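Here is the structure we will look at, set down as structure tokens.
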Amino acid sequence: MHIDLRTPLPFVIMSEPGDLRWTRIRWEQCSHSPYGDVVYFNGHFYAVDYLGRVLVCDVAGPKPTRSHIVAQLPGDRLHQLYILESVGSLFVVVRDGVQVRHVKDDCDRIPLTILPESNIKEDVTYGTTNFRVFQVDLAAGKATQTRELGDSFFFLVLYNASLSVQASQFPGIKPNFIYFTDDFWETYLAYAEGGGLDMGVFNLADGSIQPHYKGVSLSRVCPPTWVTPTVY
């Protein structure tokens with residue numbers, strides 16, 4: 001299954017067991033706001049757009065391209081969005097600080113070299129400052145902010161690739177944390193060293209951020225991502 005969010009009107013390419021070919025499904029939008037992320041959950045495609053709306057598309061229904069709103073996130077500052085399933089529930093995560101912002105003091109500066117041809121100025125910086133997690137109640141049609149994930153922790157990455165894992169299944173991993181990588185793709189072209197600086201572990205309980213490994217891994221070609229091994 002592949003989801004393309006690079007265009008204003010995303011489409012889904014999918015196949016069911018036994019199909020001999022892929023089926024392309026165009027997803028009609030009910031506004032001009034682009035989608036931030038999409039996930040396949042309980043036989044439906046759910047998306048979140050930059051107006052904070054959670055939408056659903058039933059690909060098995062009589063009108064598989066028609067989407068409708070099922071919930072609305074509170075607030076209006078939506079920098080980066082992720083949507084994922086965790087223990088049978090749907091969650092939306094808002095990531096603050098991803099976009100470039102003006103430097104407040106020397107501690108806010110980043111040790112990267114801005115390329116002359118980029119549109120980024122010397123007095124700006126970027127980097128995650130906070131995460132907000134919303135649990136979506138599909139029956140009630142509302143999204144409620146929470147700071148408690150139970151035994152779960154989240155791995156976040158764009159484009160239908162975020163996942164939730166139970167901490168009790170992995171010794172050494174603490175629950176209620178968010179692991180994130182640097183997916184602000186503009187920085188990979190704007191800095192001579194590349195992107196990959198904005199990575200770490202967010203403690204949802206107290207709002208603190210710590211590195212998830214020692215050292216720095218930068219690249220102008222490949223943004224960091226998560227790999228989920230299959231244990232046989």
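The values are calculated or read from the model by the stated rules, or taken from the named source; none is laboratory data. Given the structure is predicted, the values throughout are model-derived calculations rather than measurements. Note: areas computed on protein heavy atoms with side chains; ligands, DNA, RNA excluded. Shrake-Rupley method; radii C 1.70, N 1.55, O 1.52, S 1.80 Å.
Under 5 Å from the amide H of PHE41 lie the amide H atoms of TYR46, each residue being 5 or more positions distant or on a separate chain, with H modelled from the backbone and absent for Pro and chain starts. Computed from the Cα positions only, the extents of the stretch 74-232 along the three principal axes stand at 50, 42, 27 Å, in decreasing order. Starting from the Cα gyration tensor of the stretch 89-174, take the square roots of the eigenvalues, sort them a ≥ b ≥ c, and report rounded, prolate or oblate (rounded when a/c is under 1.5, otherwise prolate if a/b is larger than b/c, else oblate). Because a/c hits 1.5 or more and a/b exceeds b/c, the stretch 89-174 counts as prolate. Rolling a 1.4 Å probe across all protein chains gives THR228 an accessible area of roughly 90 Å². I want to verify the translational diffusion coefficient of the stretch 142-232 in µm²/s; compute it with Stokes-Einstein, Rh as the Kirkwood radius over Cα pairs, at 20 °C and 1.002 mPa s. The diffusion coefficient I find is 147 µm²/s.
Could you tell me what % of all Cα pairs in the stretch 62-139 have separations over 20 Å? Here the tail beyond 20 Å accounts for 53 percent of pairs.
Average accessible surface for the stretch 52-201: 48 Å² per residue, computed with a 1.4 Å probe over protein heavy atoms with every protein chain in place.
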